[in-house]
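**Q** Dumping the structure here so I can ask a few things about it.
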Amino acid sequence: MTTSLSEAAQQHYRDKGYYFPLRALSAAQVSENCVKLEAFEASQGGQISGRMRQKLHLLLTWMDDLVRNNAILDAVEGILGPNILCWQTSFFIKKAQDSGFVSWHQDSTYWGLSEPDVCTAWVALSPSTSKSGAMCVMPGTQNWDQIAHTDSFDKNNLLTRGQAVNAEIDEGQAVELILQPGEFSLHHVRLAHASKPNRTNARRIGLAIRYLAPHVRQVTGVPDSALLVRGEDRYGHFEAERSPLADMHPDAIALHERITKARENFIYVGTEKRSAN
C-alpha cells in the first residue's frame with residue numbers, strides 16, 4: 001500500500017477522527033476548476049441546488065478528474081486501504097453574506113451504510129476560514145455509536161433534512177478546519193461536525209467527496225452505486241458507475257438522473273419529502 005499520510009497523521013485520524021490540512025490542487029488548478037464550476041452554474045441558471053449538488057462526477061469530466069485526484073487518493077489510501085470507491089460528491093456553497101449553515105450532525109445518519117469505513121475528503125475551492133464558515137469538528141466523536149438526529153428541514157440548512165444530532169455539543173472544544181484554496185481535510189463518517197454562515201463578501205465553495213472501502217454495503221434494500229477510483233472491487237455491493245464521455249453527455253445525464261432519484265428512497269425515508277428538487 002502506498003499512502004502520502006505519515007504514520008503520525010494516520011494515528012491522529014484514528015484518535016481524533018479528522019486530519020488537515022493536505023494539498024490537492026495548485027492555485028492554477030483551483031482557478032481552472034472554479035471557472036468550470038461557474039460555467040456549469042451559468043448553464044443551470046444560477047447557483048446549483050437539489051440533485052445538481054450531488055454526484056456531479058457522473059456529469060462533468062473535470063469532476064471525474066477531481067474524485068480521481070492522486071493527492072487526495074494517496075491520503076485516503078492511508079485511511080481506507082488500496083481499494084477505494086467514490087460513493088458521493090456534494091458541493092457546499094455559501095453565498096457572500098449568506099445565512100446558510102450546517103447543523104451539528106454525523107454523516108452516517110441517513111446513508112444506510114453497513115460499516116463506518118467511510119472517509120470524506122472536503123476540498124476547499126475558496127478560503128474556508130472562521131469568517132467564511134469553515135467546518136468545525138468535535139474531536140473523538142468518531143467513536144460514538146450512531147446517535148439519533150432530529151430533522152428540521154430548515155431552508156437555510158445545507159443538509160438534506162436539516163438534521164441535528166441529539167447530543168450535547170460543547171462548542172468550546174470544537175476545532176475549526178481552516179483551509180486555503182486547493183487544500184483538503186479528511187474526516188470520519190461518524191465525526192460530529194457543523195459550520196456557521198459565511199460573513200465575508202465572497203462565496204465559500206467546498207466540495208465533499210465521500211469515499212468508502214468496497215466491503216461496505218447499502219443495507220436499506222434500495223439499489224446504490226459507486227465509482228471505482230483506485231484498486232479493485234472484489235465485492236460488487238454497488239452498481240459500478242461510469243465516468244462521463246463528455247460534459248453533460250446524454251448517457252451521463254440519464255445515469256445521473258436515475259441514480260440521484262434512487263438515492264432519495266433512502267435519504268428521505270420516514271419523511272414526507274421525496275425529492276431534493
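**Q** Counting other beta carbons within 10 Å of each residue's own, what order do 155, 36, 131, 55 fall into, fewest first?
**A** With the sparsest Cβ surroundings first, the list reads 155, 131, 36, 55.
**Q** What is the spin-label model distance, in nm, from residue 222 to residue 254 if the labels are put 7 Å beyond Cα along the C-beta direction?
**A** The two pseudo-label positions are separated by 2.3 nm.
**Q** Quote the FRET efficiency, to the nearest 0.05, computed for residue 246 versus residue 201 with a Förster distance R0 of 51 Å and r equal to the Cβ-Cβ distance.
**A** E(calc), rounded to 0.05, equals 0.90.
**Q** Taking the Cβ of residue 109 as the center, what net charge do the other residues with Cβ under 13 Å away carry, scoring Lys and Arg +1 and Asp and Glu -1? Walk me through the intermediate numbers first.
**A** On the way: positive: 161, 190; negative: 107, 145, 151.
Summing Lys/Arg as +1 and Asp/Glu as -1 gives -1.
**Q** Taking every DSSP beta bridge that has both residues in segment 64-195, what percent is antiparallel when rounded to the nearest 5?
**A** Percentage antiparallel, nearest 5: 95.
**Q** I've got another one for you. Can you grab the distance from the C-alpha centre of segment 7-60 to the C-alpha centre of segment 80-112, Å, no decimals?
**A** 10 Å
**Q** About its Cα centre, what dipole magnitude does segment 1-107 give when the only charges are +1 on Lys and Arg Cβ and -1 on Asp and Glu Cβ, stated in debye to the nearest 20?
**A** It comes to approximately 260 debye.
**Q** If you wrap a convex hull around the alpha carbons of the chain, what volume per residue comes out, as a whole number of Å³?
**A** Expressed per residue, the convex hull around the Cα atoms of the chain is 123 Å³.
**Q** Give, rounded to the nearest 20 debye, the magnitude of the charge dipole that the chain has about its Cα centre when Lys and Arg contribute +1 at Cβ and Asp and Glu contribute -1 at Cβ. Intermediate results must be reported in sequence, preceding the final value.
**A** On the way: 28 positive and 31 negative charges, 125 e Å.
With only Lys, Arg, Asp and Glu charged at Cβ, the dipole is about 600 debye.
**Q** Could you work out how far apart the two model spin labels at residue 148 and residue 4 are, taking each label as a point 7 Å from the Cα in the direction of the beta carbon, and quote it in nm?
**A** Result: 4.3 nm between the two label points.
**Q** Compute the whole-percent fraction of alpha carbon pairs in segment 169-277 spaced more than 22 Å apart.
**A** So the portion of pairs separated by more than 22 Å is 55 percent.
**Q** Using a Cα-Cα cut-off of under 29 Å, which lysines could be cross-linked to residue 131, ignoring same-chain neighbours fewer than 8 residues away?
**A** Hits, sequence-local ones excluded: 16, 36, 55, 94, 95, 155, 196.
**Q** Sort 165, 137, 76 so the one with the fewest other Cβ atoms within 10 Å of its own Cβ comes first.
**A** 165, 137, 76
**Q** While we're on this one: Within 10 Å of each candidate Cβ there may be at most 13 other Cβ atoms; applying that plus a DSSP loop requirement, which GluC sites (Glu not before Pro) in segment 185-264 survive?
**A** 232
**Q** With a 10 Å Cβ neighbour count serving as the proxy for reagent exposure, in which order, fewest first, do 16, 95 appear?
**A** 95, 16
**Q** Another one. Given 0.36 nm per residue, what is the gain on full extension from residue 97 to residue 28 after removing their alpha carbon distance, in nm?
**A** On the way: separation 69, 0.36 × 69 = 24.84 nm, distance 2.61 nm.
Going from the current span to full extension adds 22.2 nm.
**Q** Restricted to Cα positions, what overall size does segment 186-233 have along the principal axes? Three whole-Å values, descending.
**A** 44, 24, 19
**Q** Give me the net charge of residue 141's neighbourhood, meaning all other residues with Cβ under 14 Å from the Cβ of residue 141; Lys, Arg count +1, Asp, Glu -1. Before the final figure, lay out each step's value.
**A** On the way: positive: 14, 16, 190; negative: 15, 107, 145, 168, 170, 171.
Neighbour charge sum, excluding residue 141 itself: -3.
Read-outs: derived from the displayed coordinates by stated rules, not from any lab. The model shown is predicted, which means the values in this text are computed figures rather than measured ones. When we count neighbours, we look across all protein chains shown, and the Cβ atoms used for this are built from the backbone with ideal geometry, even at glycine.
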